[in-house]
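The values are calculated or read from the model by the stated rules, or taken from the named source; none is laboratory data. What you see is a predicted model; the values in this text were computed from it and never measured. Don't worry about glycine lacking a Cβ; one is built from the backbone with ideal geometry, like all the others, and counts go over all protein chains shown.
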């Protein structure tokens, strides 16, 4: 039985509410909005087109991190699973660890991640198969946990050690990581030597 317009609106709102007002064309279609009606809803101001196949409800409260939601939705595969996880400098900033303020968004995607279209210039993609223990979800997007974030940056050697010492110090003080967890870290040299030096000087 076809859904009524009211039912479709309710269904779409429920999906968008968990994503700060954002949704994909596929989600709109599943909610009951035929694909050929999407341009109409943009034209009359019901939806705002944020990117190809990604929209936002015009009357939904403005999102705190609209760019993070947009590119998390962009990273979804054909089955609707989000494959991108914010990491490295971006995750460090989101956790408010150190004063790092990256100009681009760092995202880790699985090694099998593929896109036919050009990668947006705002994104820097890193490839790794993250475990569930490495990731947390907040406000409709995923990011690496503090310890994984720090380890990624140590291995990449892309941030000054002073920032990483600051990050470790703050993470310890706020209880986001423990010295026991750090003592179990095993990296290949020279990353292990960098990590040991950072921990030693972060007390």
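Hey, any hits in the stretch 73-85 for a residue that's assigned by TED's automatic domain parsing to the domain that holds residue 124, in contact with a helix residue (DSSP H, G or I) (Cβ under 7 Å, 6 or more places away or on another chain), modelled with pLDDT of 95 or more and crowded, with 19+ Cβ neighbours inside 10 Å? Scanning the stretch 73-85, I find at least one residue that is assigned by TED's automatic domain parsing to the domain that holds residue 124, in contact with a helix residue (DSSP H, G or I) (Cβ under 7 Å, 6 or more places away or on another chain), modelled with pLDDT of 95 or more and crowded, with 19+ Cβ neighbours inside 10 Å, so the answer is yes.
Residues satisfying the criterion are absent from the stretch 27-41 (criterion: outside any helix (DSSP H, G or I), within 22 Å of the chain's Cα centre (by Cα) and surrounded by 18 or more Cβ atoms within 10 Å (Cβ to Cβ)).
Return a yes/no flag: does the stretch 58-67 have any residue that is touching a helix residue (DSSP H, G or I) at 6+ places or on another chain (Cβ under 8 Å) and exposed (fewer than 14 other Cβ atoms within 10 Å of the Cβ). Within the stretch 58-67, none of the residues are touching a helix residue (DSSP H, G or I) at 6+ places or on another chain (Cβ under 8 Å) and exposed (fewer than 14 other Cβ atoms within 10 Å of the Cβ).
Here residue 106 meets the list (1) touching a residue at least 24 places away in the same chain (Cβ under 8 Å); (2) surrounded by 17 or more Cβ atoms within 10 Å (Cβ to Cβ) almost entirely, failing just condition (1).
Among the criteria (1) closer than 29 Å to residue 63 by Cα; (2) touching a helix residue (DSSP H, G or I) at 6+ places or on another chain (Cβ under 8 Å), the one residue 151 does not fulfil is (1).
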